[in-house]
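Scroll down for the structure; my scribbles are underneath it.
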Amino acid sequence: MAEIVPAQYQPPLPLDKLILPDGAAGAGDRMELDVLIVGAGPAGLACAIELAKLAKADGSELNIGVLEKAAALGEDFLSGTAVTPRPCRDLIPVLADRDFPFRAPVTKEAVYLLTQGGKLRLPTPPTMHNRTFYVASLCEIVRWLGAKAEEVGVNVFTGFPAAQLLVRDATVAGVRTAAAGLDRDGQPTPGGTAPNDLLAKVTALAEGTRGLLAQTWCQWQRVESDNPQIFALGVKELWETKRPLDRVIHTLGWPLPRDAFGGSFVYPLEPNLVALGLVVGLDYRDAALDVHVLLQRFKRHPLLQELLAGGEMVEWGAKTIPEGGFYSLPQRRAGDGVVLLGDAAGFVDVPSLKGIHYAMQSGIFAARAIFQHLKNGTPLGAYDRLVNASYIATDLHRTRNMRLAFRRGFYVGGFQAALMTLTGGRFPGGRYRMHADAAVPRRAATGAGAAALSNGISKVDAVFKSGNATRDTIPSHLMAQPDVPVEVARFYAHVCPAGVYEATENGLRINPPNCVDCKATDVLGPRWTPREGGSGPKYKRM
């Protein structure tokens with residue numbers, strides 16, 4: 001097999017299993033709320049806080065619930081975080097910047113173009129300036145927002161993944177959670193619990209990147225976008241170091257091949273705590289490319305060797321990032337009984353490496369639209385109008401083709417992106433058309449696989465450092481086609497940073513407990529579905 005097209009081996013989204021009529025058999029408890037928010041991340045929690053504030057100011061009461069699949073707030077969130085405090089100021093204006101859960105202001109920054117053994121410092125592109133911003137831990141931001149939400153009366157339910165949409169005709173009525181305590185065959189055990197149904201007048205889908213229910217709603221309601229959404233995979237490590245780092249660093253070039261889009265980040269969180277990571281677009285052409293392995297190579301570059309010498313990697317994680325930008329946004333993010341927030345809607349600006357403040361701002365806008373809908377019957381489409389009139393849409397439109405320009409390689413993309421920066425996105429103009437990542441052909445991988453290429457942290461050790469303690473007897477939550485060819489199985493093994501997939505003589509072997517819910521293969525191969533609450537990573541400072 002000389003070439004692999006991942007879409008040819010990817011199962012379709014099983015809408016018949018993901019959409020249930022309200023009242024369908026199989027649920028345990030049933031709860032009714034005014035507003036249900038799926039996902040306790042920046043978008044979902046900002047939405048909950050703003051809603052509670054609006055209700056209090058109006059003298060009314062709202063029963064607001066937030067569902068979170070992790071066992072505790074923040075445990076499944078990571079980001080290479082240099083964040084603007086703008087939406088925090090909007091959300092809680094009585095607080096000063098020093099009161100927000102940030103580590104330190106960015107005072108110095110540098111951008112380098114790397115070769116295997118050297119570096120060239122570049123002028124920092126205008127889109128990447130981080131002065132006036134703060135380095136932070138997304139886990140800590142989420143825990144802080146969760147505490148603020150509970151202070152204003154929001155019900156936060158951790159350990160409850162939303163697995164299916166409940167509907168009445170074309171209206172979203174709520175969600176059904178995933179069952180817990182099933183054995184490997186999916187059968188209930190004596191300690192198992194049935195799924196629960198949560199009904200609401202409005203359901204806000206803030207599931208984060210590659211949200212399953214957001215995908216389901218868009219496909220069910222035929223909500224399209226000008227371009228398909230495209231994604232990157234980021235792999236991140238936290239290091240306790242012997243030497244301090246005094247600046248934010250970004251790099252381009254090595255160890256990525258020229259036909260792959262991406263780069264690295266190195267951020268100081270404390271004098272002796274450094275966050276570093278590598279982000280690679282999933283439209284790369286080499287089926288043997290392995291982001292985790294490339295990160296291990298990156299750490300051997302002279303730029304990092306001295307910084308990391310004598311240090312220890314204390315935490316590891318991975319996640320996908322929506323990269324399509326303006327032209328990949330769903331044509332509408334609101335419908336009957338539902339709104340889409342944050343990464344689930346694609347509100348990420350790749351040229352500035354920013355998404356958290358867009359997620360929070362979208363949550364604030366959604367709360368305002370939801371409140372008016374409940375109070376006055378205003379259609380939820382007001383949420384789209386708020387977003388479209390805001391800096392979210394303005395920023396994404398200005399950089400609308402910058403990431404897409406790199407579809408033709410690093411140098412052509414860099415030249416075109418520079419022209420777009422100089423002209424505010426006006427030249428080169430038009431819309432750059434993109435294929436979905438799974439539709440991009442790959443040069444087939446040959447050889448033993450990623451483990452033989454790396455002398456850094458193994459995938460097994462990396463999963464341990466993620467805090468993942470998922471029980472071994474959990475049923476598989478990953479849907480793969482039967483009889484996957486060995487070349488495709490090998491491709492999946494490279495794609496997954498956590499060692500979930502193995503290529504064997506007989507094809508594909510899946511190790512579901514290893515999964516850290518990064519959703520890389522949900523983009524390129526086997527589908528990800530929610531599993532019992534508390535499974536997956538347990539990030540602390542990511």
### Query
Based on the Cα gyration tensor of the range 210-362, what are the three equivalent ellipsoid semi-axes, each the root of five times an eigenvalue, rounded to whole Å and given largest first?
34, 18, 12
### Query
How long are the three semi-axes of the equivalent ellipsoid of the range 280-334, in whole Å, if each is the root of 5 times an eigenvalue of the C-alpha gyration tensor, listed from largest down?
33, 15, 10
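So what's the net charge close to Tyr112: Lys and Arg +1, Asp and Glu -1, counting the other residues with Cβ under 12 Å from its Cβ? Mind dumping the intermediate values first?
On the way: positive: Lys119, Arg121, Arg247; negative: Glu109.
Charge balance in the 12 Å sphere: +2.
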### Task
Check every DSSP H run in the chain and write down those whose alpha carbon atoms cover 27 angstrom or more along the long axis and whose mean Kyte-Doolittle hydropathy is -0.5 or greater.
356-376
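Per Stokes-Einstein, at 37 °C and 0.692 mPa s, what whole-number D in µm² s⁻¹ belongs to the range 337-390, with the Kirkwood radius over Cα pairs as the hydrodynamic radius?
On the way: Rh = 11.5 Å.
Rounded, D is 286 µm²/s.
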#### Entry: Cross-link reach list, aspartates and glutamates versus Lys53, counting only Cα pairs under 16 Å and skipping chain neighbours closer than eight places
Asp34, Glu61, Asp90, Glu150, Glu151
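How big, in percent, is the set of alpha carbon pairs in the chain lying more than 37 Å apart?
26
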### Query
Gap in Å between the Cα centre of the range 282-326 and the Cα centre of the range 501-542?
18
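Excluding ligands, DNA and RNA, what is the solvent-accessible area per residue of the range 323-408 at a probe of 1.4 Å, expressed in Å²?
Details: 2660 Å² over 86 residues.
Per residue, the range 323-408 has 31 Å² of solvent-accessible surface.
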### Task
Please work out, to two decimal places, the log10 of the ratio I(q)/I(0) at q = 0.10, 0.15 Å⁻¹ from a Debye calculation in which every Cα of the range 86-187 carries one identical scatterer.
-0.62, -0.90
### Message
Quick check: Cα centre of the range 123-142 to Cα centre of the range 41-115, how many Å?
### Response
14
### Surrounding net charge for Gly414, when Lys and Arg each add one and Asp and Glu each subtract one, Cβ distance under 15 Å
+3
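If you roll a 1.4 angstrom probe over the protein chains with everything in place, what fraction of the accessible area of the chain belongs to carbon and sulfur, to the nearest %?
Details: 11080 of 21290 Å².
Answer for the chain: carbon and sulfur cover 52 percent of the accessible area.
Listed highest first by mean packing, meaning other Cβ atoms within 10 Å per residue, what order do 117-130, 213-226 come in?
Ranked from most to least packed, the peptides come out as 213-226, 117-130.
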### Query
Of Ser60, Gly325, Val412, which is farthest along the charge dipole of the chain in the positive direction, counting Lys and Arg as +1 and Asp and Glu as -1 at C-beta?
Val412
### Task
Return the ratio Rg/(2.2 N^0.38 Å) for the range 312-411, where Rg is computed over Cα atoms only.
1.25
### Task
Can you check how the C-alpha radius of gyration of the range 377-510 compares to 2.2 N^0.38 Å, as a plain ratio?
1.53
### Task
Kindly identify the range 30-113 as rounded, prolate or oblate by the Cα gyration tensor criterion: order the square roots of the eigenvalues as a ≥ b ≥ c, call it rounded if a/c is under 1.5, otherwise compare a/b with b/c, prolate if a/b is larger, else oblate.
oblate
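What accessible area per residue comes out for the range 456-542, rounded to a whole number of Å², with a 1.4 Å probe?
Working: 3230 Å² over 87 residues.
Dividing the accessible area of the range 456-542 by its residue count gives 37 Å².
Taking only protein heavy atoms and a 1.4 Å probe, what accessible area per residue, in Å², does the range 31-148 have with all protein chains in place? Walk me through the numbers before you get to the answer.
Numbers: 4780 Å² over 118 residues.
With all protein chains present, the range 31-148 gives 41 Å² per residue.
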### Query
When the solvent-accessible surface of protein heavy atoms is calculated with a 1.4 angstrom probe, in what order do Thr423, Thr81, Thr473 fall, highest first?
Thr473, Thr423, Thr81
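Calculated from DSSP H runs of 4 or more alone, at -39500 (n - 2.57) each and per residue, what is the 222 nm mean residue ellipticity of the chain, nearest 500? Walk me through the numbers on the way to the answer.
Numbers: 15 runs with 140 residues, N = 542.
Calculated mean residue ellipticity at 222 nm is -7500 deg cm²/dmol.
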### Message
Need one word for the range 153-245: rounded, prolate or oblate. Basis is the Cα gyration tensor (sqrt eigenvalues a ≥ b ≥ c); a/c below 1.5 gives rounded, then a/b vs b/c decides.
### Response
oblate
### Largest-first principal axis extents of the Cα set of the range 447-542 (Å)
36, 32, 24
### Amide H partners (placed H, <5 Å) of Gly467, local residues excluded
Lys538
### Span per principal axis, largest first, for the Cα atoms of the range 211-291 (Å)
53, 28, 21
### Task
Excluding Leu18 itself, calculate the net charge of residues whose Cβ lies under 11 Å from the Cβ of Leu18, where each Lys or Arg counts +1 and each Asp or Glu counts -1.
+2
### Message
If you wrap a convex hull around the alpha carbons of the range 14-63, what volume per residue comes out, as a whole number of Å³?
### Response
116
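The values are calculated or read from the model by the stated rules, or taken from the named source; none is laboratory data. Remember, predicted model here, so these are calculated numbers, not experimental data. A quick note on method: Cβ atoms are made from the backbone with ideal geometry, for glycine too, and the neighbour counts reach across all protein chains shown. Areas reflect the complete protein model, heavy atoms only, side chains present, ligands, DNA and RNA absent. Shrake-Rupley method; radii C 1.70, N 1.55, O 1.52, S 1.80 Å.
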